[in-house]
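Worksheet for the structure shown next.
The values are calculated or read from the model by the stated rules, or taken from the named source; none is laboratory data. The structure displayed is predicted, hence computed values, not measured ones. With ligands, DNA and RNA removed, areas are computed over all heavy atoms of the protein, side chains included. Shrake-Rupley method; radii C 1.70, N 1.55, O 1.52, S 1.80 Å.
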Amino acid sequence: MATYKGIQGYTVQKLSDDPTVSEAIGQVWYNSTEGTFKIATQGAGAWATTTALPTATHSFASAGTTTATLIFNGAPTPKATSFEFNGTAWTAGNATPGAQAAMVGIGTQTAAFGSGGYNPSATYSGVAIEYDGTNFSAQTADPANSSAYRGCAGTQTAALTWGGYNGSSDSNVTSEYNGSSWTTGGVYPLSARGIFAAGSQTAAVGAGAGGGGATSNKYDGSTWTATGSLNTGRHYGGSGGTQTSAIAFGGTPPATTANTETYDGSTWTAVNALNTGRNQVAKGWSNTAQTSGMLSIGGTPPITTGVEEWSDPVYAIKTVTVS
């Protein structure tokens with residue numbers, strides 16, 4: 001008969017205090033102070049409905065955290081509006097310098113950055129804006145990539161964007177922004193739009209492509225290299241996190257999906273799905289580990305006010321009976 005020592009390579013430990021739960025996942029020990037056997041477990045993360053948007057929209061930029069969120073611009077008709085979320089309620093913010101849809105956004109609620117998109121005349125551009133917590137201001141446009149639906153990562157003063165759609169074809173251009181000017185980075189391995197993206201300017205990950213592509217690539221500040229592919233190829237979904245702890249959710253094709261996957265730096269793993277499948281949702285947050293929480297905001301079809309929040313995996317220490 002198999003024994004714990006035979007499986008684990010060591011006997012059940014006798015401890016006077018419980019260890020840190022995240023370090024003891026799957027382990028059994030004896031708490032001598034309490035006189036009980038215990039085990040550390042990890043439950044799955046999940047999506048839960050939270051406060052809806054004031055107005056139905058999709059294809060807008062986002063920045064911040066689950067308790068300090070900023071969204072701006074959007075569709076179906078390109079907008080110049082913004083809203084802030086404090087974890088409980090949405091409030092209207094100041095207008096952006098110009099109506100845009102399908103702009104990407106990164107940063108925080110008080111130091112955000114947005115670039116790209118298309119205006120009401122369906123003109124695609126590399127327009128760039130910044131937000132200081134009160135007002136938006138126009139910045140130097142990206143000279144190398146006039147496109148919408150890009151991948152994005154980083155911060156307001158160290159931003160990275162790549163790919164996108166320019167009105168006639170997809171792009172493979174990578175652009176870096178330092179808070180005032182742009183430089184061209186390493187070429188993305190494929191031309192793609194609606195890319196799932198996460199990370200920083202020097203440690204990013206991009207996944208998915210039009211037509212159901214599942215390809216993923218990592219960036220080291222100069223070069224993109226292939227990494228593990230998505231389990232379900234798609235684009236136009238939401239995403240966020242870091243290069244070693246990312247999340248991708250929703251998207252299309254062949255149909256709008258609720259699929260959610262997490263990434264550990266090499267492999268994408270399917271986890272609990274959104275309650276409602278959406279595409280063209282606001283992204284999660286770049287450069288913050290996916291376990292810190294994400295929001296799936298708005299989207300289509302149909303155009304919605306719906307918002308869902310991703311909960312962290314639940315860690316717990318449980319008392320067990322040993323016979």
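For segment 201-323, give the percent of accessible area contributed by carbon and sulfur heavy atoms, probe 1.4 Å, rounded to a whole number. Can you show the working numbers first?
Working: 2270 of 4640 Å².
For segment 201-323, the apolar C and S fraction of the accessible surface comes to 49 percent.
Which of ALA198, ALA61, ALA95 ends up with the largest GNM mean-square fluctuation for the chain, with Cα atoms connected below 10 Å? In the Gaussian network model the winner is ALA95.
Extension gain for ASN231 to THR51 (0.36 nm times residue separation, less C-alpha to C-alpha distance): 61.8 nm. Hull volume per residue, based on the alpha-carbon atoms of segment 118-269 and their convex hull, is 114 Å³. Test of understanding: in a Gaussian network model of the chain with alpha carbons linked when under 10 Å, which of GLY221, GLY117, GLY293 would top the mean-square fluctuation ranking? For the chain, modelled as a Gaussian network with Cα springs under 10 Å, the answer is GLY221.
When N counts the residues of segment 11-65, how does its alpha-carbon radius of gyration compare numerically with 2.2 N^0.38 Å, as a ratio?
Details: Rg = 20.9 Å, N = 55, 2.2 N^0.38 = 10.1 Å.
Here the Cα radius of gyration is 2.07 times the empirical estimate.
Computed from backbone phi, the HN-Hα couplings of segment 109-118 come to 5, 10, 8, 9, 9, x, 8, x, x, 9 Hz, rounded to whole numbers (Karplus: 6.51 cos²θ - 1.76 cosθ + 1.60, θ = phi - 60°; Gly and Pro given as x). Dimensions of the chain from C-alpha coordinates, computed as largest minus smallest value along each principal axis and given longest first, are 73, 41, 37 Å. With protein chains left intact and a 1.4 Å probe, residues in the chain average 40 Å² of accessible area per residue. Using the alpha-carbon positions of segment 1-152, Rg (one decimal) and Dmax (whole number) come out as 24.8, 73 Å. A cut-off of 5 Å between modelled amide H atoms, ignoring neighbours fewer than 5 places along the same chain, links GLY93 with SER82, PHE83, GLU84. Bridges between two residues of the chain, per DSSP, are antiparallel at a rate of about 95%.
Using the Karplus relation 6.51 cos²θ - 1.76 cosθ + 1.60 with θ = phi - 60°, the per-residue 3J(HN,Hα) values for segment 192-206 come to 7, 10, x, 7, 5, 9, 7, x, 10, 5, 10, 8, 10, 9, x Hz, with x marking Gly and Pro.
Computed from phi, the 3J(HN,Hα) profile of segment 86-92 under the Karplus parametrisation 6.51, -1.76, 1.60 (θ = phi - 60°) reads 9, x, 10, 9, 9, 10, 6 Hz, with x in place of Gly and Pro. Amide H contacts of ALA198 (H built 1.01 Å from N, in plane; Pro and chain starts excluded): VAL205 sit under 5 Å, all sequence-distant by 5 or more or on other chains.
Using just its DSSP H runs of length 4 or more, each adding -39500 (n - 2.57), the chain gives a mean residue ellipticity at 222 nm of -500 deg cm²/dmol after division by all residues.
Residues whose amide H falls under 5 Å from that of THR227, counting only those 5 or more places apart or on a different chain, are SER216, ASN217, LYS218, with hydrogens built in the peptide plane.
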